[in-house]
1. Restricting to the stretch 11-39, name every residue that is within 12 Å of the chain's Cα centre (by Cα) and in a helix (DSSP H, G or I).
2. For the stretch 40-62, which positions are in a helix (DSSP H, G or I) and under 15 Å from Phe9 (Cα atoms)?
3. Look at Thr134 and say whether it is touching a residue at least 60 places away in the same chain (Cβ under 8 Å), out of contact with any strand residue (DSSP E or B) (no Cβ under 6 Å at 6 or more places or on another chain), surrounded by fewer than 15 Cβ atoms within 10 Å (Cβ to Cβ) and farther than 28 Å from Ser30 by Cα.
4. Tell me, please, whether a residue that is among the acidic types (Asp, Glu), under 16 Å from Thr63 (Cβ atoms) and either at pLDDT 95 or above or over 15 Å from the mean Cα position of the chain (by Cα) (or both) can be found in the stretch 106-127.
5. Quick one: Thr169 ticks every box in (1) within 21 Å of Gln48 (Cα to Cα); (2) among the β-branched types (Val, Ile, Thr); (3) modelled with pLDDT of 90 or more bar one, so which box is it?
6. Can you name the residue in the stretch 37-60 that is at pLDDT 90 or above and aliphatic (A, V, I, L, M) and, of all such residues, is farthest from Phe20 (Cα to Cα)?
7. Kindly indicate the residue of the stretch 63-100 that is of a type in the set (S, T, N, Q) and either in a helix (DSSP H, G or I) or on the phi > 0 side of the Ramachandran plot (or both) and also surrounded by the fewest Cβ atoms within 10 Å (Cβ to Cβ) among those meeting that condition.
8. State whether one or more residues within the stretch 141-149 are buried (at least 19 other Cβ atoms within 10 Å of the Cβ), among the aliphatic types (A, V, I, L, M) and in contact (Cβ under 8 Å) with a residue 12 or more places away in the chain.
Amino acid sequence: MRVPSTPRFRQGAGRLCLDFVRTLRHRGSSGVVEELPDAEAVSAWVRQCGPCTADGSADAARTRELREAVHALITAARTGRIPDAHSLALVNEAAAHPVAVPYLDRTGQLDWQADDPVRATLSLVARDALDLATSPSLTRLRNCAGPTCGALFLDTSRPGNRRWCSMGTCGNRAKKETLRGRTA
């Protein structure tokens, strides 16, 4: 399993919980990439994707365990099943923690405050996963058609026939391969 040297996290899956699940890139393939190997990476994800800044006090193993529980919850919900008890307990426990609170700073800019920014952001992730698992939006959840991608995304296109997690990555790659096949 490769670990990226500079954390840069993909966003744009349509829901915070799906962006979180994407931190295990190429899920189910031999080229799987762990993007949350340590507390520093978890804090970087929270800074990039969450509402407030974070320090390095995150428990990376527990964060990865929550990520897999969120994935299990969403996967089970898509097939009309109830997730395993352990996954459900982890997501419910994370959702129960306080979330960040918005406030205006002295310059009039919106900022967010939390005693534990990592836990507050993971609470938002868990709440979002619970909401998605029980939402009609679940029918618009798709797997990327990229053969090694494995990403989930919410298809918000009008016709509901989006195939790629991102046209900039997987969609573009597929178009290039199709073109190569035609010219070969």
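1. Hits for the stretch 11-39 are Leu16, Cys17, Leu18, Asp19, Phe20, Val21.
2. If the condition is that a residue be in a helix (DSSP H, G or I) and under 15 Å from Phe9 (Cα atoms), then Glu40, Ala41, Val42, Ser43, Ala44, Trp45, Val46, Arg47, Gln48, Cys49 are the ones that fit.
3. no
4. Yes, the stretch 106-127 has at least one match.
5. Result: Thr169 passes all but (3).
6. Ala39
7. The selected residue is Asn92.
8. Yes, because at least one residue in the stretch 141-149 is buried (at least 19 other Cβ atoms within 10 Å of the Cβ), among the aliphatic types (A, V, I, L, M) and in contact (Cβ under 8 Å) with a residue 12 or more places away in the chain.
The values are calculated or read from the model by the stated rules, or taken from the named source; none is laboratory data. All figures in this text were calculated on a predicted structure; none of them were measured in a lab. Using ideal geometry, Cβ is built from the backbone for each residue, glycine included, and neighbour counts are taken over all protein chains shown.
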